[in-house]
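Participant: My questions all concern the structure below.
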Amino acid sequence: MSELPAPDRPEYAFVGRSNVGKSSLINTLTNKKKLAKTSATPGKTQLMNHFLIDETWYLVDLPGYGYAKTSKHQRTGFQRMITRYVLERENLMNLFVLVDSRHGPQPIDLEFFEFLGMNGVPFSIIFTKIDKLKEEELADNLAAYKKEMLKAWEEMPPVFLTSSSDRRGKDEVMAYIHGIHPMFER
Ligand code: GTP
Ligand code: MG
């Protein structure tokens, strides 16, 4: 992966189904409206984008997985790119897997968690678009999600609840990132 920046600073990547809100969350975290390109049409992010933050660490926007309307060829290409990236990127400190808080556990996400677990890739889950749910609905969805995951996992990974509309969860995600930085070793 010679086209990537040198792995000389800690890096955090955002991955998940197309349209889940990866690019929007990156903009929210960085307080920049147009750093990462967003779109109501799934399949917006087509390349891996590295953003250097405070000249000290990287945020990475990845293309979405599992979007049916991209060509099969392209889908396979994205999947291969993501797989290779998470397995080989030596400065990747944590992978944030985004899931839409409105939906129950999707097979493609559960399979991806399993793949990460088997390969020892540290990850957290970010439930996005929580502004679209009432508090009770969110609590119910979360409980159902955890119940399903705990069939396969002994414990939950770290979980964050976010909204790029009202910026909830931003401080928690940033605090988590800053807490991990010191573990980076060149
Ligand atoms: P791809 O690059 O296509 O994989 O999508 P993405 O995961 O980067 O999603 P993106 O950030 O482009 O957002 C997709 C759509 O969801 C856009 O219309 C956003 O405005 C909307 N969206 C993202 N986050 C939120 C959120 O927290 N709340 C609400 N209400 N809408 C959101
Ligand atoms: Mg995107």
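The values are calculated or read from the model by the stated rules, or taken from the named source; none is laboratory data. Owing to the predicted nature of the structure, the values given are computational and were not obtained by experimental measurement. Methodologically, a virtual Cβ is constructed for each residue, glycine included, from the backbone with ideal geometry; neighbour enumeration extends over all protein chains shown. Keep in mind that these areas ignore ligands, DNA and RNA; they rest on the heavy atoms of the full protein, side chains included. Shrake-Rupley method; radii C 1.70, N 1.55, O 1.52, S 1.80 Å.
Participant: Output the qualifying pairs, or none if there are none: Cβ atoms under 7 angstrom, residues six or more apart or on different chains, first residue in segment 6-22 and farther than 12 Å from residue 128 by Cα, second residue among the acidic types (Asp, Glu) and more than 16 Å from ligand 2 (Cβ to nearest atom).
Facilitator: Qualifying pairs under 7 Å: 7/90.
Participant: Still on this structure, please answer the following. Taking residue 62 as the residue in question, decide whether it is within 16 Å of ligand 1 (Cβ to nearest atom), touching a strand residue (DSSP E or B) at 6+ places or on another chain (Cβ under 8 Å), open to solvent by less than 20 Å² (accessible area, probe 1.4 Å) and modelled with pLDDT of 95 or more.
Facilitator: no
Participant: Of the residues that sit in segment 154-186 and are of a type in the set (Val, Ile, Thr) and part of a helix (DSSP H, G or I), which one is farthest from residue 21 (Cα to Cα)?
Facilitator: Only one residue fits best here, namely 180.
Participant: I'd like the residue in segment 1-15 that is open to solvent by 20 Å² or more (accessible area, probe 1.4 Å) and either under 18 Å from the mean Cα position of the chain (by Cα) or not small (Gly, Ala, Ser) (or both) and, out of all such residues, is farthest from residue 107 (Cα to Cα).
Facilitator: My answer is 8.
Participant: Same structure again: Determine if segment 92-102 includes at least one residue that is over 15 Å from the mean Cα position of the chain (by Cα), modelled with pLDDT under 95 and either surrounded by 12 or more Cβ atoms within 10 Å (Cβ to Cβ) or more than 11 Å from ligand 2 (Cβ to nearest atom) (or both).
Facilitator: no
Per-residue answers, yes or no, for (1) part of a loop (DSSP other than H, G, I, E, B); (2) touching a residue at least 12 places away in the same chain (Cβ under 8 Å); (3) away from ligand 2 (no atom under 13 Å from the Cβ); (4) basic (Lys, Arg):
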residue: 36; (1), (2), (3), (4): yes, yes, no, no
residue: 60; (1), (2), (3), (4): no, yes, no, no
residue: 73; (1), (2), (3), (4): no, no, yes, no
residue: 85; (1), (2), (3), (4): no, yes, yes, no
residue: 90; (1), (2), (3), (4): yes, yes, yes, no
residue: 121; (1), (2), (3), (4): yes, yes, yes, no
residue: 125; (1), (2), (3), (4): no, yes, yes, no
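Participant: Here's another thing I want to ask about it. Being among the β-branched types (Val, Ile, Thr) and open to solvent by less than 40 Å² (accessible area, probe 1.4 Å) is the filter here, so list the residues in segment 16-58 that pass it.
Facilitator: Once the filter is applied, which keeps residues that are among the β-branched types (Val, Ile, Thr) and open to solvent by less than 40 Å² (accessible area, probe 1.4 Å), segment 16-58 yields 20, 26, 28, 30, 45, 53.
Participant: Taking residue 129, is it under 27 Å from residue 83 (Cβ atoms), modelled with pLDDT of 95 or more and among the charged types (D, E, K, R)?
Facilitator: When the stated conditions are applied, residue 129 passes them.
Participant: I'd like to know if segment 140-155 contains one or more residues that are under 15 Å from the mean Cα position of the chain (by Cα), surrounded by fewer than 18 Cβ atoms within 10 Å (Cβ to Cβ) and away from ligand 1 (no atom under 13 Å from the Cβ).
Facilitator: Taking every residue of segment 140-155 in turn, none turns out to be under 15 Å from the mean Cα position of the chain (by Cα), surrounded by fewer than 18 Cβ atoms within 10 Å (Cβ to Cβ) and away from ligand 1 (no atom under 13 Å from the Cβ).
Participant: Of all residues in segment 24-34 being in contact with a helix residue (DSSP H, G or I) (Cβ under 8 Å, 6 or more places away or on another chain) and either modelled with pLDDT under 90 or assigned to a loop (DSSP other than H, G, I, E, B) (or both), which is farthest from ligand 2 (Cβ to nearest atom)?
Facilitator: 33
Participant: Given the conditions (1) free of Cβ contacts under 8 Å to residues at least 60 places away in the same chain; (2) out of contact with any Phe, Trp or Tyr (no Cβ under 6 Å at 6 or more places or on another chain); (3) within 12 Å of ligand 1 (Cβ to nearest atom), which single one is not true for residue 169?
Facilitator: Going through (1) free of Cβ contacts under 8 Å to residues at least 60 places away in the same chain; (2) out of contact with any Phe, Trp or Tyr (no Cβ under 6 Å at 6 or more places or on another chain); (3) within 12 Å of ligand 1 (Cβ to nearest atom) one by one, residue 169 breaks only (2).
Participant: Identify all residues within segment 62-71 that are more than 13 Å from ligand 2 (Cβ to nearest atom), more than 16 Å from the chain's Cα centre (by Cα) and under 18 Å from residue 23 (Cβ atoms); write none if there are none.
Facilitator: Passing the criteria: only 69.
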